[in-house]
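S.K.: Here's a structure for you.
The values are calculated or read from the model by the stated rules, or taken from the named source; none is laboratory data. Only a predicted model underlies this, so the values are computations on that prediction, with no experimental measurement involved. Cβ coordinates were reconstructed from backbone atoms using ideal geometry, including for glycine residues, and neighbour counts include every protein chain displayed.
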Amino acid sequence: MGKRMAIFASGGGSNARRLMLHGCRSNFYEVALVVTDQPSSGVQNHAKDFSIPLVVVRWKETSSTGLIDIMREHKIDFIVLAGFLRLIPQEVVDAFYQRIINLHPSLLPKYGGRGMYGRNVHQAVYNAQEKQTGITIHYVSEEYDAGAVIAQFIVDISPDDDVNGIESKVRSLESQHFVNTVEDVCKNTP
């Protein structure tokens, strides 16, 4: 039996859906819970499609202990952040040390930190006239985007790329590498 995973997502959940789909076939993980902080997030539909329990958390009203209790109730081994826009509380990071994984749409440490997500990152990369960008899959720490790097994948930016082109290239990297990297971490973690 593989690791039991909770996916935390705030938005549409395209990467969460990929994790759910692959989890149906994986020997190394199963998606056992979806947590969202947005009452109308698209990830809820994906959870329903796969018959995965869903918890909508009122972030400001939920204590770290309450969040940890939810994870324990569902026997969660790993947490994967797939477009989750909240800072994970220190107590949760400690309870799941080196077992919370995040996907960030840049080559950290560049373009990380509070407010640096999605299109904000791609716009910053474009404005800086970077020649390359990519994704970083990393462990979560008590600070935004500051945990130990698990893997980075790089793509070149051409002079013709605008923000949409950069975003498209980064999304392609996400779809190619995120699920397999998460599975490798689950497979290689006791």
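S.K.: Quick test of your reading of the structure: Asp37 fulfils all but one of (1) of a type in the set (D, E, K, R); (2) more than 15 Å from the chain's Cα centre (by Cα); (3) closer than 25 Å to Gly115 by Cβ. Name the failing condition by number.
M.R.: Here Asp37 clears every test but (2).
S.K.: Also, I was wondering about something else. Would you check if there is a residue in the stretch 158-180 being surrounded by fewer than 18 Cβ atoms within 10 Å (Cβ to Cβ) and either assigned to a strand (DSSP E or B) or at pLDDT below 95 (or both)?
M.R.: no
S.K.: Please specify each residue of the stretch 39-59 satisfying the condition of being touching a helix residue (DSSP H, G or I) at 6+ places or on another chain (Cβ under 7 Å) and either closer than 11 Å to Ile7 by Cα or buried (at least 18 other Cβ atoms within 10 Å of the Cβ) (or both).
M.R.: Selection gives Val43, His46, Ile52, Leu54, Val55.
S.K.: Any chance the stretch 59-77 includes a residue that's aromatic (Phe, Trp, Tyr) and either touching a strand residue (DSSP E or B) at 6+ places or on another chain (Cβ under 7 Å) or modelled with pLDDT of 95 or more (or both)?
M.R.: no
S.K.: Considering the stretch 52-85 alone, what residues qualify as being closer than 19 Å to Gly23 by Cβ and touching a Lys or Arg at 6+ places or on another chain (Cβ under 9 Å)?
M.R.: Leu54, His74, Lys75, Ile76, Asp77, Phe78, Ile79, Ala82, listed by residue number.
S.K.: Something else: State whether the residues of the stretch 154-166 include one that is in contact with an Asp or Glu (Cβ under 9 Å, 6 or more places away or on another chain) and of a type outside the set (A, V, I, L, M).
M.R.: Scanning the stretch 154-166, I find no residue that is in contact with an Asp or Glu (Cβ under 9 Å, 6 or more places away or on another chain) and of a type outside the set (A, V, I, L, M), so the answer is no.
S.K.: Determine whether the stretch 103-112 contains at least one residue that is over 26 Å from Leu21 (Cα atoms), at pLDDT 95 or above and among the aliphatic types (A, V, I, L, M).
M.R.: Yes, there is a match, as at least one residue in the stretch 103-112 is over 26 Å from Leu21 (Cα atoms), at pLDDT 95 or above and among the aliphatic types (A, V, I, L, M).
S.K.: Yes or no: Val92 of a type in the set (Val, Ile, Thr) and touching a Ser or Thr at 6+ places or on another chain (Cβ under 6 Å)?
M.R.: In short, yes.
S.K.: Can you confirm whether Glu174 is touching a helix residue (DSSP H, G or I) at 6+ places or on another chain (Cβ under 9 Å) and not β-branched (Val, Ile, Thr)?
M.R.: yes
S.K.: Taking Pro109, is it under 12 Å from the mean Cα position of the chain (by Cα) and within 15 Å of Gly147 (Cα to Cα)?
M.R.: Taking the combined requirement at face value, the residue does not satisfy it.
S.K.: Does Tyr126 qualify as being free of Cβ contacts under 8 Å to residues at least 60 places away in the same chain, among the aromatic types (Phe, Trp, Tyr), closer than 22 Å to Glu30 by Cα and surrounded by fewer than 21 Cβ atoms within 10 Å (Cβ to Cβ)?
M.R.: Answer is no for this residue.
S.K.: Looking at Phe96 and the list (1) crowded, with 17+ Cβ neighbours inside 10 Å; (2) under 12 Å from the mean Cα position of the chain (by Cα), which single condition is not satisfied?
M.R.: For Phe96, the failing item is (2).
S.K.: Next question. Quick one: in the stretch 67-93, of everything that is in contact (Cβ under 8 Å) with a residue 12 or more places away in the chain and either at positive phi or charged (D, E, K, R) (or both), which residue is surrounded by the most Cβ atoms within 10 Å (Cβ to Cβ)?
M.R.: Gly83
S.K.: For the subset of the stretch 149-163 comprising residues that are free of Cβ contacts under 8 Å to residues at least 24 places away in the same chain and out of contact with any helix residue (DSSP H, G or I) (no Cβ under 7 Å at 6 or more places or on another chain), which member is nearest to Lys187 (Cα to Cα)?
M.R.: The selected residue is Ser158.
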